[in-house]
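Asks: A single structure is presented below for examination.
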Amino acid sequence: MAAAYIHIPFCDFICYYCDFNKVFIEGQPVDEYIDLLLREIKMTMAHYRQEPIDTIYIGGGTPSSISPQQLEHLLSGIQKYLPVKSGGEFTIECNPNNLLDTTRLEVMRTYGVNRLSIGVQSFNDAVLKKIGRKHSAQDALTAIHNAHKVGFENISIDLIFRLPGQDTADFKQTLAQAIALDLPHYATYSLILERKTIFYNLQRQGRLHLPSEDAEADMYELAINEFSKHGLNQYEISNFAKPGKESKHNLMYWHNEHYFGFGAGAYGYLDRDRYHNNGPIQQYMAPLRKHKLPVFEHHLVPFSEQVEEEMFLGLRTNKGVSKQHFQDKYGYTIDEIYGDTVKNLIQRHLLVDVNGHICLTHDSRFFGNNVFAEFLLDDET
Amino acid sequence: MDRNEMIEHQKEIRNFSIVAHIDHGKSTIADRILEMTDTVSQREMQDQILDDMDLERERGITIKLNAVQLHYHAKDGKTYVFHLIDTPGHVDFSYEVSRSLAACEGAILVVDAAQGVEAQTLANAYLAVDNDLEIIPVINKIDLPSADPDRVKEEIEEMIGIDASDAVLASAKEGIGIPELLEKIVHEVPAPSGDVNAPFKALIFDSVYDNYRGVVLSIRVIDGFVKVGDTIELMNNQKRFEVTEVGVMSPKAVQTATLSAGDVGYLTASIKSVKDTRVGDTITLADRPAEKALPGYRKITPMVYSGMYPVDNAKFNDLREALEKLQLNDAALEFEPETSKALGFGFRCGFLGLLHMDVVQERLEREFNLDLIMTAPAVDYHIILTDDTKKVIDNPAEMPEATSIKEIQEPYVKAQIMVPNDYVGPVMELSQRKRGEFVTMDYLDKYRVNIIYDIPLSEIIYDFFDDLKSNTKGYASLDYEIEGYRASDLVKMDILINGEVVDALSSIVHKDFAFERGKEIVSALKTTIPRQQFEIPIQAAIGNKIIARSNIKAYRKNVLAKCYGGDITRKRKLLEKQKAGKKRMKSVGSVEIPQEAFMSILRTDETESHKN
C-alpha cells in the first residue's frame, strides 16, 4: 500500500484564514514548477519502481488555478511516473470558480482523476466575501453540476464553521443546501486562527469578530446530527461519507501509514522518515534544477513517537485503534506501553472499547485533544 | 608596594559609578569606557559586558553588582586607575545602590537626550548627592533625531539642581563624547581621601559565592591596606577570617599583593556563606581594628513572603537544593518548609520586594528547570490573641480562628514619594485609597515635591508601585522603610473553588475593602482558570459568609477539526503544547488551576484594565 500527496502552491485568490504554503499565481513560474515537480516524482520513484500507488491527492494552494494546458502537462506526467493502480483513488482539490466551464474537468477525467474535493466553504455569499473567497454560492452549484455532467460522481465538498458573520442558523442553512446536493462525501472544519494570515492580523487589531466557543460547539454538533440524519456517517473528526465512500487517502493518514510527499513544502512519511520539502517555490526548485531532491528536513521517527502517532491519529477515526492491529504492528499491547491510561480514560467515559477497538465516545469527540494528549509519552519515562 | 608608593597610587585613583533611568544607556556607556581604555579587547567585547547573568541581559536590568578596574592614559601624560562600579536599578535593591555609591567619589549621571530627566534619574541623582559624590552629567543619544540637549540641560539644572552647562554631549552607540568624558573623570572626580597609615577599614558593597573560593567580597578600601595572610574581622558580627586572596577585576580577576586606601577590588577568605558578609558591613584587621565602623549599615530583612511549590510534588527536594544554591549568592533570600493542603510540600520564602521575588522565581525555573507555583505575596502580621499572647504569621492560612483573635497588627511603612508638582493630586488620592495616612509634604524646588505617607506594607506590595507609576506617567519615585506595626481592621478571606477552600488562595484584607477585593479576585480567577469539562463555581468567603461568587462554564469543544494534510508534526506540536500547558497547572480536587491563578490575588487590577 502506498500513497502520494502532491502540492500545487498557487492560488488565484488568497483566503483570509489560510496559512498553507501558497502564493498568488500571477507572475509565478508555474510551467517550470510543474516541470521540476515531475522531475522530483520521477527521481523519487526511480527508487521505488515496484511500489503500486493506491491513492493520490493533489492539494494546495489551489490545484485548479493552473491553466488547462498546465493541468494537462501535470496530469500526463503523473500518469507516466506515478500511475495509480486500478481501483485506486485519485483526488484533486478544486475551487468552484475554476469549474465554471468543463475544460479543466475534462482534462482531469481524461487522465484518471476520479474524485474531486471542492472548496465550497459556505453557501452564504456575505460570509464568502468576509473570508476572502472570490466565488458565490451559485458558482459552487454550477461547479458541482459541471462535474456531474463530465462524469464525476465521487465528489466531496469542504465547509468551514465559526466564520465571522456566521451564526448557527446560517450554518444550518449551508448544511441543508450541501446535503440537498446528495453528495457521497463532506468535510467540515472549524476555523482555526493561524499566524501569518489576514484574520490573525485583524484579530490582533481587535477587528475580527468570531462566533463564541459555545457557538462553535453548537455548529459542530449540528453538523454531526444533520449529516447522520441523511445517511452520512462521521468516520473521522471532520469527515462524513455514505457507506463505502470514505476517502481512502485521508484514512491512510489517520492509519499512520506511509506516503510520498511531492511539491513545495510537501510532507512525506517513508519507512521511519517523516520529511518535508523546502516551502518557498524558488528554494524548492533550485536543487531540482541540479537534479537534487529538495528535502528541507528529515526526522527519523523514534519508536515512542510512532506509537504516540498511531494513537492520536487513529483515535480521530470513529473506528478507533484496533488493539490487535496495534500489537501486530508494534509487538507490544497498548496497555504494555500506556499502563492504565486506556483503563482510566474508559472509566472517565472519554474512551470506549468496541469489539477490541479503542475509540472516542460521541461526547469525548468534542474533547479529542484532551484524550490525544494523554497518549504523549513522558520524556522521562 | 611600600607605603609611599601606596600614597602616590592613591592620587591616581578615580572611583565612580554610572547612574541612569532604565534604558537611558548606562550599560552602553560602560561598554564604550571599557573599550576606550583597552580594558577589554575588541574580540572579547560583548555588548553590555558588565551584566553577566543571562537573566540580567534579557531583562536589561542589573541585579548583581560589578566593579571593574581600568587604566586610562590621560592627556596630561599620566596613567590613572579607574574603578567603575556598577549599580542595580530597582527600588527593591536601593539599599545596595546606596552602598555601592558609598564606595565612590564620583557619579556619571546619564540622561537620554530625547526622554530627559525621568523618575529613576531623580532618585539615583539624589542617592548620589546624599553620598556627596561629584556628579558628571552626560546627555546620551544625541544622535537621535528627537534629541533636544538644551531642554535636557535645563531639566537637569532645574529638577536636580546641578550645573549642566558643560554636560558631556554623547552618543555611546556612536562613541561620541566618550574621550571627553574620560578626561572629565580625571579632572572632576576627586582622588580618594583615605589614610594609608590608619588602621585598615573597608566597605563591603557586594558579595558573591564562588564554588572554589567561597565568598568573594567586593570591597572599597577606605583607610590602611590589606594583604594575603591578614586576619580580617567583620565589624558587625565580629567574625574573623584569614585572607586567602586579594585582587582587582579587570574585568577578569587579577591577583594583587595588596589593596590599599582608595582601592576597589575583591577579597576572599574561605568564607562559607554570604550570610556572614552583609553588604554595607565594615571590614577591619583583627590585630589592629579601626575605631568605628562605617555609617549606614543595615541588616537586610525580607519584607515580602510567598509560598513556592513545585508543580510536581516529587520535585520538593530539587527545589530545596536549588534554593540553597541561590541563597549562597543572595543573602536577602530566606526560606523554610511549609505545607499547603492544596499545593502539597513547598517553602515559605522571604524577599526584599516583588522584583526580587520575580528574579528568584525566574532563576529557579530557568537555571534549575523547575516548574513552580507561587502564592500571592504577603507580609508579616502580628496577631494578638484573646489571652494576650502574640502570634506572628506570614501566611494567611495560619490565621487563628476569628473568635480567638483580639487584634491584628500589620506593618506600616513610611513611604517617601517624589513627584513633579503636577502629580501631587493623583499621588495623594492614590495614597488615601491605599489606606495611607498623610504625614507631610514639602517642595524641593519649584517643580518637585516630596510627599510622605504612612501606608500599610501590604498595600505597597500589592500594586501601589504600579499604580503610582501609571498615575504619574512614570515620574514618581518611591522609597520606603518599615515604620512599625499598627492595629488594623483585617479579616482572612478564603477562596473556594468547586466548593473547596484552596488554602493557597487565602488572603488577609481590610474589612472595608473585603467585598470589593473578593469580587475582583473571583473575576480574576474566572479569567485565569481555563474552562474545563464541568462547571466550576468560584466563591470568596469570610468565615462562613460568601461575599462574592461566579461560575466558570464548562467548555464544550477542544479538538482540532482542521486538515493539515500530511503535516503530522504540526498536530503533534499542538498536542505537546497542550500537554506542557497542563504540566504548569496544579490539580486541586478535580480542577486544573494554572500557575498564574495563584498570583491573581495580586494582579487583579491588571486583568480589570484589560477588560476596559
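We did not get these values from a lab; they are worked out from the coordinates using the rules stated. Because the structure is predicted, anything quoted here is derived from the model rather than measured. Please note: Cβ atoms are built from the backbone with ideal geometry, for glycine as well, and neighbour counts cover all protein chains shown.
Asks: Check which residues have an amide H placed less than 5 Å from B:Gly247's amide H, if you skip close sequence neighbours.
Replies: Those lying under 5 Å, H to H, from B:Gly247 are B:Thr256, B:Tyr266.
Asks: Sticking with this one: Give me the count of lysine pairs in the range B:363-456 whose alpha carbons sit under 26 angstrom apart, restricted to pairs 8 or more positions apart or on different chains.
Replies: 9
Asks: Same structure again: Go through the range B:533-550 residue by residue and turn each phi into a ³J(HN,Hα) via Karplus (6.51, -1.76, 1.60, θ = phi - 60°); whole Hz please, and just put x for glycine and proline.
Replies: 6, 9, 6, 10, x, 10, 9, 10, 9, 10, x, 9, 8, 7, 10, 7, 8, 7
Asks: Sticking with this one: Karplus couplings for the range A:114-128 from phi (6.51 cos²θ - 1.76 cosθ + 1.60, θ = phi - 60°), rounded to Hz, Gly and Pro as x?
Replies: Rounded to whole hertz, the list is 10, 8, 10, 10, 9, x, 7, 6, 7, 9, 10, 4, 5, 5, 4.
Asks: With no solvent and one point per C-alpha, what does the Debye sum give as log10 I(q)/I(0) for the range A:235-381 at q = 0.17 Å⁻¹?
Replies: The computed values of log10 I(q)/I(0) come out as -1.00.
Asks: Round to a whole angstrom and tell me the spacing of the C-alpha centers of the range B:299-345 and the range A:24-72.
Replies: With the range B:299-345 and the range A:24-72 each reduced to a Cα centre, they are spaced 60 Å.
Asks: Compute the semi-axes of the equivalent ellipsoid of the protein assembly as shown, taking the square root of 5 times each eigenvalue of the Cα gyration tensor, and list them largest first in whole Å.
Replies: 65, 36, 28
Asks: Give me the percent of DSSP beta bridges within the protein assembly as shown that run antiparallel, rounded to the nearest 5.
Replies: Here the share of antiparallel DSSP bridges comes out near 70 percent.
Asks: Which chymotrypsin sites (Phe, Trp or Tyr not before Pro) does the range B:460-528 hold that lie in a coil by DSSP with at most 11 other beta carbons within 10 Å?
Replies: Of the chymotrypsin sites (Phe, Trp or Tyr not before Pro), not one in the loops of the range B:460-528 has a Cβ with at most 11 other Cβ atoms within 10 Å.
Asks: Which value in Å does the Kirkwood hydrodynamic radius of the range A:31-94 take, with 1/r averaged over all unlike C-alpha pairs and then inverted?
Replies: 12.4 Å
Asks: For chain B, take the convex hull of the Cα atoms, compute a quarter of its surface area, and give me that in nm², please.
Replies: Projected over every direction and averaged, the Cα hull of chain B covers 32.6 nm².
Asks: So what are the range A:307-354's ellipsoid semi-axes, whole angstrom, largest first, if each one is the square root of 5 times an eigenvalue of the alpha-carbon gyration tensor?
Replies: Semi-axes from the Cα gyration tensor: 16, 13, 9 Å.
Asks: Taking the Cα centre of chain B as the origin, how large is its charge dipole in debye, to the nearest 20, when only Lys and Arg (+1) and Asp and Glu (-1) carry charge on their Cβ atoms?
Replies: With Lys and Arg at +1 and Asp and Glu at -1, about 2920 debye.
Asks: If amide hydrogens are placed 1.01 Å from N in the peptide plane, which non-local residues have theirs closer than 5 Å to the one on B:Ile271?
Replies: B:Val215
Asks: Amide H to amide H under 5 Å from B:Ala114: which residues, 5+ apart in sequence or cross-chain, H placed 1.01 Å off N in plane?
Replies: Under 5 Å from the amide H of B:Ala114 lie the amide H atoms of B:Asp148, each far enough along the sequence or on another chain.
Asks: At 7 Å along Cα-to-Cβ for each site, give me the label-to-label distance between B:Ala253 and B:Lys414 in nm.
Replies: Here the modelled spin labels are 4.0 nm apart.
Asks: Next up: Pick out, from B:Ala476, B:Ala504, B:Ala514, the residue whose Cα sits farthest towards the positive end of the charge dipole of the range B:447-517, with +1 on the Cβ of Lys and Arg and -1 on the Cβ of Asp and Glu.
Replies: Farthest along the dipole direction, towards plus: B:Ala476.
Asks: Going down the list B:Lys275/B:Lys511; B:Lys78/B:Lys252; A:Lys343/B:Lys573, which pairs span over 28 Å between their C-alpha atoms?
Replies: Where the Cα-Cα span goes over 28 Å, the pairs concerned are B:Lys275/B:Lys511.
Asks: Moving on. Sketch the reach of a paramagnetic label on A:Asp271 as a point 7 Å from Cα along Cα-to-Cβ, and name the residues of the range A:36-56 whose backbone nitrogen lies under 14 Å away.
Replies: Of the residues in the range A:36-56, A:47-48 have backbone N under 14 Å from the label point off A:Asp271.
Asks: Report the rotationally averaged projected area of the range B:202-285 based on its alpha-carbon convex hull, in square nanometres.
Replies: 4.7 nm²
Asks: Also, quick follow-up: Just the number, please: Stokes-Einstein D of the range B:155-259 in µm²/s, Kirkwood Rh from C-alpha pairs, 25 °C, 0.890 mPa s.
Replies: 142 µm²/s
Asks: So what is log10(I(q)/I(0)) for chain A at q = 0.08, 0.09 1/Å, when the Debye sum runs over its Cα atoms only?
Replies: -0.43, -0.55
Asks: Provide a whole-number value for the mean count of partner chain Cβ atoms within 10 Å of the Cβ atoms in peptide B:572-582.
Replies: 4
Asks: For peptide A:366-377, what's the mean number of Cβ atoms from other chains within 10 Å of each residue's Cβ?
Replies: Per residue, the average neighbour count from other chains is 6.
Asks: Note the angle between two axes, namely the Cα long axis of helix B:316-329 and the longest principal axis of the Cα atoms of chain B, as a number of degrees from 0 to 90, rounded to the nearest 10.
Replies: 20 degrees
Asks: OK, next. How large is Rg/Rh for the range B:102-164, to two decimals, with Cα atoms and a Kirkwood Rh?
Replies: 0.98
Asks: Can you pull out the trypsin sites (Lys or Arg not before Pro) in the range A:335-381 whose DSSP state is coil and whose Cβ has at most 15 other Cβ atoms within 10 Å?
Replies: A:Arg348
Asks: Considering only Cα-Cα distances, which of the following residue pairs are longer than 30 Å: A:Lys329/B:Lys315; A:Lys323/B:Lys557; A:Lys290/A:Lys329; B:Lys557/B:Lys583?
Replies: A:Lys329/B:Lys315; A:Lys290/A:Lys329
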